[in-house]
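Contents: one structure, followed by commentary.
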Amino acid sequence: MCPDALIAIITNPLDSLVPVAAGVSKKRGVYRPERLFGICQIDQMRAERFYAEAIDQEPKKVYVPVVGGHSETTTVPLFSKARSNRQGDHDLD
């Protein structure tokens, strides 16, 4: 048992699994809301990877904002707002 562990949920359905993890933690008496969270960064990372491949650039050197929810029908990458170092933007690292 590690009471100070961070619990990061990354998999779908994120909107359901974080409350499930909270419920299990509460039932076991170890719930700490500041240590449990969901990560949606994967949506932005996917969009940046697709964009980087399309413009022949490294993914770490591009930025694509993503809005919406965390599902294939609600995630909206804003490719019209994407930026790359190659286009003269500042270093995005």
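The values are calculated or read from the model by the stated rules, or taken from the named source; none is laboratory data. Everything numeric in this text was worked out from a predicted model, so none of it was measured. So basically every Cβ, Gly included, is an ideal-geometry build from the backbone, and we count neighbours across all protein chains shown. Ligands, DNA and RNA are excluded from the accessible area calculation, which covers all protein heavy atoms including side chains. Shrake-Rupley method; radii C 1.70, N 1.55, O 1.52, S 1.80 Å.
Worth a mention:
- Segment 47-66, residues that are in contact with a strand residue (DSSP E or B) (Cβ under 8 Å, 6 or more places away or on another chain) and open to solvent by 50 Å² or more (accessible area, probe 1.4 Å): 50, 61, 63
- Candidates 89, 43, 93, filtered to the one that is open to solvent by 80 Å² or more (accessible area, probe 1.4 Å) and at pLDDT below 95: 93
So that you can scan it fast, the table gives a plain yes or no per residue for (1) within 21 Å of residue 69 (Cβ to Cβ); (2) assigned to a loop (DSSP other than H, G, I, E, B); (3) in contact (Cβ under 8 Å) with a residue 24 or more places away in the chain; (4) out of contact with any Asp or Glu (no Cβ under 7 Å at 6 or more places or on another chain):
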{"position": "3", "(1), (2), (3), (4)": "no, yes, yes, yes"}
{"position": "11", "(1), (2), (3), (4)": "yes, yes, no, yes"}
{"position": "15", "(1), (2), (3), (4)": "yes, no, yes, yes"}
{"position": "19", "(1), (2), (3), (4)": "yes, no, no, yes"}
{"position": "26", "(1), (2), (3), (4)": "no, no, no, yes"}
{"position": "31", "(1), (2), (3), (4)": "no, yes, no, yes"}
{"position": "37", "(1), (2), (3), (4)": "yes, no, yes, yes"}
{"position": "42", "(1), (2), (3), (4)": "yes, no, yes, yes"}
{"position": "45", "(1), (2), (3), (4)": "yes, no, no, yes"}
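- Yes/no for residue 53 being assigned by the TED database to the domain that holds residue 77 and either out of contact with any helix residue (DSSP H, G or I) (no Cβ under 6 Å at 6 or more places or on another chain) or small (Gly, Ala, Ser) (or both): yes
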